[in-house]
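The values are calculated or read from the model by the stated rules, or taken from the named source; none is laboratory data. Just so we're clear, the structure is a prediction, and the values are computed from it rather than from any experiment. Neighbour counts are summed over all protein chains in view; Cβ atoms, including those assigned to glycine, are modelled from backbone coordinates with ideal geometry.
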Amino acid sequence: MRVLAEEEEDMLPSTPGKVKIERAGAMTRQLHRCFASTGTMFLWALFLVAMTATYLSFHSFVDTSSRYFAASWGGLHWERQIRASASPRRPPGSAEGAGLSVLVTGAAGFVGTHCSLALRKRGDGVVGIDNFNKYYDPSLKKARRALLASHGVFVVEGDINDGRLLTKLFDVVPFTHVLHLAAQAGVRYAMENPASYVHSNIAGLVSLLEACKEADPQPAVVWASSSSVYGLNDAVPFSEAHRTDRPASLYAATKKAGEEITHTYNHIYGLSVTGLRFFTVYGPWGRPDMAYFSFTRNILQGKPITVYRGRDHVDLARDFTYIDDIVRGCLASLDTAGRSTGTGGRKRGPAPYRIFNLGNTAPVTVPTLVSILERYLRVNAKKNVVEMPGNGDVPFTHANISLAREQLGYKPTTSLEMGLKKFVRWYLSYYGYNRGTQAFNNL
Ligand SMILES: NC(=O)c1ccc[n+]([C@@H]2O[C@H](COP(=O)([O-])OP(=O)(O)OC[C@H]3O[C@@H](n4cnc5c(N)ncnc54)[C@H](O)[C@@H]3O)[C@@H](O)[C@H]2O)c1
Ligand SMILES: *[C@@H]1O[C@H](CO)[C@@H](O)[C@H](O)[C@H]1NC(C)=O
């Protein structure tokens, strides 16, 4: 905010309105004194109109540019909110130690909200950042932010590409960890809006890592990659050692690039990095663009759903992973992340670089997913079964999680049946379906 104000001062006279009036008055007097003929008066009038137009357009330029940078952040009150939200509240001498101070990017997103809540509940400090973009209904993101606020977690509205904001956050709080979940998600949307993937998953990632490597102390970084990096790999179950150099979508390619970019920052600047390859995460407060969510919506509204089938009539299958299991994997990654070793942007020694699959190890076909939903909702779905177009979705995912089990103690415990029950219960209550309905009583 402060820096902004300085920039605006450079561009504008201190009291623009006043200066204008005086100048206009002087001009009129001169006009009367020296040029009495109508011809020159006309020229002067033209000149005045042009001046006014320039002035107005300049103003609207300043307006738009300051709206672009604008900052819903900055100021003493804001800094106080950040510090309060970032302070760990574990009882002194508690078994878990002093408590972390975590910057969560994408905190108003699905996974970000759950992780932030879980951290806060065990006494860690959390500050969120999210740009509340319109990829899916922002009112759901705002509702998640309200939920976080009610637990004392503050979410800054801002973009991870805003380097000044990130620097400011690290100036105000010496974050011990960054949980980087902000991204442009979704496989098919990449064909519609490829630039958004480059903006958030490439440029945004680099902007964030720049801020992390400059920070003193440097935080340890845990971030969300994706199972989609396995791309055309068909050796199952997917293991961290398998090939990931054949992505099938731009989304996957940006996540793969993220793994290489974070490796560079680990190598040059000594940032501690943990990349987590999530496998189809689902649950309450989930993402409306994902199949389980849109199926539920359409089934309840009596609308048809499109079920993709692979070539040769093979059903698609996904290793659906329940959100609480993913949250435990994220927190375990934060807890076991070794320290970053750099200071002042220079590496002082090797820092850990890790990659883990976080899946459920029990792939379920999409028709099975639909039949579970039909049972909970007590409605038969109208299904359009169509062959999957070659738009980036892979036919099958299945995680080998032995590495995460060994090093993080990761052990998923929620079946798709159980998890969908919790999702449907949340869905009905969030979207205001009557508690008296059959569907609700069935749960
Ligand atoms: N949900 C899954 O099945 C799944 C699977 C694999 C990987 N992932 C990854 O996990 C992470 C979290 O996913 P999610 O399902 O919670 O998605 P989400 O879309 O709900 O959350 C991402 C959040 O990041 C925010 N964001 C996006 N670009 C931003 C930017 N430039 N600056 C600031 N904020 C920005 C969005 O507004 C959103 O709230 C993502 O990195 C995603 O790619 C998710
Ligand atoms: C899973 O991965 C581990 C290495 O992390 C490997 O030793 C094991 O054989 C793999 N399991 C299967 C079933 O492929």
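Quick notes on this one:
- Filter result (more than 11 Å from ligand 1 (Cβ to nearest atom) and within 15 Å of the chain's Cα centre (by Cα)) within region 193-208: Val206
- Checked against (1) under 18 Å from Leu334 (Cα atoms); (2) among the hydrophobic types (A, V, I, L, M, F, W, C); (3) away from ligand 1 (no atom under 14 Å from the Cβ); (4) out of contact with any Pro (no Cβ under 9 Å at 6 or more places or on another chain), Leu276 passes all but a single condition, namely (3).
- Just one residue in the set Tyr282, Tyr269, Tyr251 is at pLDDT 95 or above, within 10 Å of ligand 1 (Cβ to nearest atom) and farther than 26 Å from Leu117 by Cα; that residue is Tyr251.
- Within region 111-131, one or more residues are in a loop (DSSP other than H, G, I, E, B), of a type outside the set (D, E, K, R) and within 16 Å of ligand 1 (Cβ to nearest atom).
- Of all the residues in region 335-346, those that are at pLDDT 95 or above and surrounded by fewer than 21 Cβ atoms within 10 Å (Cβ to Cβ) number 5.
- Matching residues, region 243-289, being surrounded by fewer than 17 Cβ atoms within 10 Å (Cβ to Cβ) and over 28 Å from Pro217 (Cβ atoms): Arg243, Asp245, Arg246, Pro288, Asp289
- Criterion (over 30 Å from Val221 (Cα atoms), in a helix (DSSP H, G or I) and of a type outside the set (A, V, I, L, M, F, W, C)) met by exactly one of Asp312, Asp325: Asp312
- Test: residue in region 349-368 that is among the charged types (D, E, K, R) and closer than 30 Å to Lys213 by Cα: yes
- Contacts under 7 angstrom Cβ, first residue in region 263-277 being under 19 Å from Glu240 (Cβ atoms) and in a helix (DSSP H, G or I), partner of a type outside the set (Gly, Ala, Ser) and modelled with pLDDT of 95 or more, 6 or more apart: His263/Tyr353; Asn266/Val273; Asn266/Tyr353
- Of residues in region 234-273 being among the small types (Gly, Ala, Ser) and within 16 Å of ligand 2 (Cβ to nearest atom), the one farthest from the chain's Cα centre (by Cα): Ala235
- Any hit, region 128-149, residues being closer than 26 Å to Ile326 by Cα, more than 16 Å from ligand 2 (Cβ to nearest atom) and more than 19 Å from the chain's Cα centre (by Cα): no
- Selection from region 161-186 of residues that are part of a loop (DSSP other than H, G, I, E, B) and either in contact with a strand residue (DSSP E or B) (Cβ under 9 Å, 6 or more places away or on another chain) or acidic (Asp, Glu) (or both): Asp162, Val173, Pro174, Phe175, Thr176, Leu181, Ala182, Ala183, Ala185
- Counting the residues of region 203-256 that are under 22 Å from Gly345 (Cβ atoms), part of a helix (DSSP H, G or I), of a type in the set (A, V, I, L, M) and in contact with a helix residue (DSSP H, G or I) (Cβ under 9 Å, 6 or more places away or on another chain) gives 5.
- When Gln184 is tested against (1) more than 14 Å from ligand 1 (Cβ to nearest atom); (2) polar (S, T, N, Q); (3) surrounded by 22 or more Cβ atoms within 10 Å (Cβ to Cβ), only condition (1) is not met.
- None of Glu214, Glu192 is surrounded by fewer than 24 Cβ atoms within 10 Å (Cβ to Cβ) and in contact (Cβ under 8 Å) with a residue 24 or more places away in the chain except Glu214.
- Residue count for region 298-329 satisfying the condition of being charged (D, E, K, R), within 23 Å of the chain's Cα centre (by Cα), more than 16 Å from ligand 2 (Cβ to nearest atom) and over 21 Å from His180 (Cα atoms): 1.
- Test result for Glu387, acidic (Asp, Glu), more than 16 Å from ligand 1 (Cβ to nearest atom) and over 26 Å from Leu179 (Cα atoms): yes
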